[in-house]
1. Quickly work out the Val130-to-Phe23 label distance, labels modelled 7 Å from Cα along the C-beta direction, and quote it in nm with one decimal.
2. Extending each Cα 7 Å along its Cβ direction at Ile146 and Thr90, get the distance between those two points in nm, one decimal.
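Rule-based calculations on the coordinates, nothing more; no lab input. What you are looking at is a predicted structure, and each value in this text was computed from that prediction instead of being measured. Note that each Cβ is placed from the backbone with ideal geometry, even for glycine, and that neighbours are counted across all protein chains shown.
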Amino acid sequence: MPMVRWEPFHNLVSIQDRMNRIFDDAFRGQRGGTEDDWALGGNWAPAVDIFEQGGNIVLKAELPGINADDVDIRVENNVLTLRGERKFETDVKRESCHRVERAYGTFSRSFTLPNVVDTEKIKADYKDGVLQVTLPQKEEAKPKQISIAVGK
């Protein structure tokens, strides 16, 4: 039976994310304006997956339709921040739109990094609308095998 790491706050963070989305959705329509107004200029947040792979923490963010040059990635005080903007196509007039469901405008997502992340070795790759940020762990944070000496 494989060993599973116990993460006591994992469910709490998941619940907090869901509650944030519920409140964002509820108040989006109360800011004044229509749903289309929000889609064409309000704040939005790209979907993000965070997981461990090969001794690294990996963050993947969906950013379709965004140029890599329009994304800003920063680490400050152990907080990773992704910022950017999805711009509405200028060759399409608002009056000619029948339905706008994709969100446009600026976004900002921030993530507190665990102390085990080596912030000097963070790498980011962008391919097919998916931003992948690889956060390597410090050597001292990686598990080490300790051999047992048998006394005679």
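1. The modelled label-to-label distance comes out at 3.1 nm.
2. Going from the Ile146 label point to the Thr90 one covers 6.2 nm.
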